[in-house]
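Accompanying notes for the structure given below.
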Amino acid sequence: MAFTGRGVGRCEGRVIFVAGGVPGDQVRARITKRKRSYAEAEIVAIEQPSPDRIVAPCRHFDICGGCSFQNVPYERQLEYKRQFVYDALLRIGGEPEPPVREIVPCANHFFYRNKMEFSFLPVESGPPRLGLHVRGEWSKIFDIEECLLQSDTSNRIVAATRELVHSLGIPAYHISEHHGFIRFLVIREDKKSGRILLNLVTAKGEHPGLEQLVASLTQRFPLICQVWRTVNSSLANVAAGESEELIWKSGDFWETIGQDRFLVTPSTFLQTNSEQTETLYSQVARLGSFDSDNAVLDLYSGCGTISHFISRLVNSVLGVEINENAVSMARQNAILNGVTNCDFETADVAVHLKALKQSDRYFDRVVIDPPRAGAGNKVVRRLARLKPPVVVYVSCNPSTLARDIEQFRLYGYKLVQTVPVDMFPHTYHVESVNRLELA
Ligand SMILES: C[S@@+](CC[C@H](N)C(=O)[O-])C[C@H]1O[C@@H](n2cnc3c(N)ncnc32)[C@H](O)[C@@H]1O
């Protein structure tokens with residue numbers, strides 16, 4: 001199984017990545033892309049199914065791009081994921097014996113997501129499409145009837161929004177032709193309280209139906225406590241934009257992680273599986289072996305979730321985060337959570353590390369949790385200059401983690417333990433917590 005969730009096959013000595021292929025399958029496949037050293041293919045017929053194959057529980061499994069592993073048992077998914085981390089550290093990271101422990105499983109295999117983004121697409125007649133991307137097709141959307149990763153209420157909100165947008169005559173945005181108004185429906189859901197935040201992502205301008213849409217949805221679904229509007233007037237097909245505005249509110253919206261509450265806005269980064277986030281951060285706390293007199297630097301701190309989680313174990317935490325909104329939330333959340341030993345800086349990590357070196361700041365521990373692209377050479381170099389004895393690297397991408405680990409080694413840091421954590425059952429994504437020590 002390859003990291004992207006495709007089966008690795010062989011034909012006439014050539015490696016072929018087969019979409020939907022499961023290790024152990026014998027398939028007839030059609031080549032869709034040919035490269036010098038490998039090819040990509042799609043299944044035409046399964047001649048001999050793998051003994052690992054099971055029937056995927058989701059009715060959309062065959063077309064949805066979301067869950068690629070629903071057709072294998074959960075235990076097998078965990079094995080694949082641990083192997084992804086191990087292989088990346090071995091092959092990309094140059095670790096001869098990657099110190100990868102057992103993967104920490106996720107207790108809830110379904111309905112674990114706290115946030116989902118659904119895309120609109122206009123059709124000739126009738127309600128627009130509102131759902132997820134067809135597997136491998138950036139411009140095709142299929143109607144979601146029931147997604148097993150969010151709640152039943154969320155599925156009902158999607159269905160109601162689709163009908164209301166149609167009856168109110170709100171034009172759906174066309175992803176490739178770039179016309180229309182409403183682009184995405186984003187649903188955030190706090191699993192502890194059931195409260196819901198909606199974000200309607202639209203093009204620029206106004207549409208008279210929008211107000212009625214909000215009124216009808218909030219009336220029909222009393223768990224909705226906030227509705228936001230994000231304007232994205234760019235061609236980029238993303239559920240984010242140049243402005244976000246709270247357009248309806250009946251109360252606060254927060255997520256709960258451990259003993260802390262986090263007020264969030266639509267653009268605030270938050271791990272999408274809140275329950276398992278607690279498990280992830282417990283591993284951060286364990287691998288950090290924090291002491292009550294430690295000064296900790298939390299890089300890429302988002303809305304302060306890790307900082308707050310570890311704040312009770314250490315003397316002080318400085319969080320560094322580029323998103324101004326997230327930093328403002330981190331500060332507000334500190335008051336909410338009674339956290340008094342955390343400071344937050346709005347800054348680019350690379351730039352701020354330079355400033356910290358110039359002011360001769362010392363940190364006993366550094367926690368680093370970069371986006372999928374990883375930290376990169378500049379950040380690793382500047383971080384290493386601060387010489388923290390221990391770095392805890394939280395990664396959502398084994399490939400960029402491995403690349404960064406190789407860099408850390410150049411500056412004297414040894415990877416001593418890696419703990420993969422499954423945050424996203426049925427997808428190929430895998431998180432890991434890594435402890436590096438300065439030799
Ligand atoms: C994977 S998230 C981690 C957030 C947080 N640690 C958590 O567990 O929720 C990465 C964060 O890095 C921030 N970010 C991305 N590029 C950055 C940069 N160059 N400097 C500072 N923060 C950055 C993003 O806004 C996002 O909040």
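Applying the set (1) closer than 25 Å to residue 324 by Cα; (2) in the same structural domain as residue 392 (by TED's automatic domain parsing); (3) aromatic (Phe, Trp, Tyr) to residue 262 leaves exactly one unmet item: (2). Screening residue 394 with (1) surrounded by 20 or more Cβ atoms within 10 Å (Cβ to Cβ); (2) in contact (Cβ under 8 Å) with a residue 40 or more places away in the chain; (3) farther than 25 Å from residue 72 by Cβ; (4) more than 15 Å from the chain's Cα centre (by Cα) gives one miss only, at (4).
Using the structure shown, decide if residue 307 is within 13 Å of the ligand (Cβ to nearest atom), in a loop (DSSP other than H, G, I, E, B) and touching a Gly at 6+ places or on another chain (Cβ under 6 Å). Spell out how you get there, then give the answer.
On the way: within 13 Å of the ligand (Cβ to nearest atom): yes; in a loop (DSSP other than H, G, I, E, B): no; touching a Gly at 6+ places or on another chain (Cβ under 6 Å): yes.
When the stated conditions are applied, residue 307 does not pass them.
Scanning segment 321-357 for residues that are polar (S, T, N, Q), within 14 Å of the ligand (Cβ to nearest atom), buried (at least 18 other Cβ atoms within 10 Å of the Cβ) and over 16 Å from residue 370 (Cβ atoms) returns a single hit, 333.
Only one of 377, 273 is within 30 Å of residue 399 (Cβ to Cβ), surrounded by fewer than 16 Cβ atoms within 10 Å (Cβ to Cβ) and touching a helix residue (DSSP H, G or I) at 6+ places or on another chain (Cβ under 9 Å). Can you tell me which?
Values: 273 fails: surrounded by fewer than 16 Cβ atoms within 10 Å (Cβ to Cβ).
That would be 377, the only listed residue that is within 30 Å of residue 399 (Cβ to Cβ), surrounded by fewer than 16 Cβ atoms within 10 Å (Cβ to Cβ) and touching a helix residue (DSSP H, G or I) at 6+ places or on another chain (Cβ under 9 Å).
Could you please let me know if residue 263 is over 22 Å from residue 419 (Cβ atoms) and either within 14 Å of the ligand (Cβ to nearest atom) or crowded, with 18+ Cβ neighbours inside 10 Å (or both)? Steps first, answer last, please.
Numbers: over 22 Å from residue 419 (Cβ atoms): yes; either within 14 Å of the ligand (Cβ to nearest atom) or crowded, with 18+ Cβ neighbours inside 10 Å (or both): yes.
Yes; evaluated as a whole, the condition is true for this residue.
Close contacts from segment 205-217, counting a first residue that is within 14 Å of residue 166 (Cα to Cα) and a second that is assigned to a loop (DSSP other than H, G, I, E, B) and of a type outside the set (Val, Ile, Thr), with Cβ to Cβ under 7 Å and a gap of 6+ residues or different chains, come to 207/181; 209/168; 209/169; 212/168; 213/168. Taking the condition modelled with pLDDT under 95, among the aliphatic types (A, V, I, L, M) and in contact with a Phe, Trp or Tyr (Cβ under 9 Å, 6 or more places away or on another chain), does residue 326 pass? Here the answer is yes, as residue 326 does meet what is asked. Checked against (1) within 12 Å of the ligand (Cβ to nearest atom); (2) of a type in the set (D, E, K, R); (3) under 23 Å from residue 417 (Cα atoms), residue 286 meets all criteria but (1).
In the list 254, 248, 228, which residue meets the criterion of being in contact with a strand residue (DSSP E or B) (Cβ under 8 Å, 6 or more places away or on another chain), within 16 Å of the ligand (Cβ to nearest atom) and under 24 Å from residue 161 (Cα atoms)? Steps first, please.
Numbers: 248 fails: within 16 Å of the ligand (Cβ to nearest atom); 228 fails: within 16 Å of the ligand (Cβ to nearest atom).
Just one listed residue meets the conditions, 254.
Among the residues of segment 136-180, those identified as in contact (Cβ under 8 Å) with a residue 60 or more places away in the chain and among the aliphatic types (A, V, I, L, M) are 144, 148, 149, 157, 160, 175. Within segment 363-404, restricting attention to residues that are within 12 Å of the ligand (Cβ to nearest atom), outside any helix (DSSP H, G or I) and among the charged types (D, E, K, R), which residue is farthest from residue 297 (Cα to Cα)? Checking each candidate, the answer is 372.
Which members of segment 168-212 meet the condition of being among the basic types (Lys, Arg) and surrounded by fewer than 19 Cβ atoms within 10 Å (Cβ to Cβ)? Result: 191, 192, 204.
Residue count for segment 289-304 under the criterion of being surrounded by fewer than 24 Cβ atoms within 10 Å (Cβ to Cβ), under 24 Å from residue 328 (Cβ atoms) and either away from the ligand (no atom under 12 Å from the Cβ) or not assigned by TED's automatic domain parsing to the domain that holds residue 423 (or both): the result is 1.
The values are calculated or read from the model by the stated rules, or taken from the named source; none is laboratory data. What you are looking at is a predicted structure, and each value in this text was computed from that prediction instead of being measured. Here the Cβ is made from the backbone with ideal geometry for all residues, glycine too, and neighbour counts use every protein chain on show.
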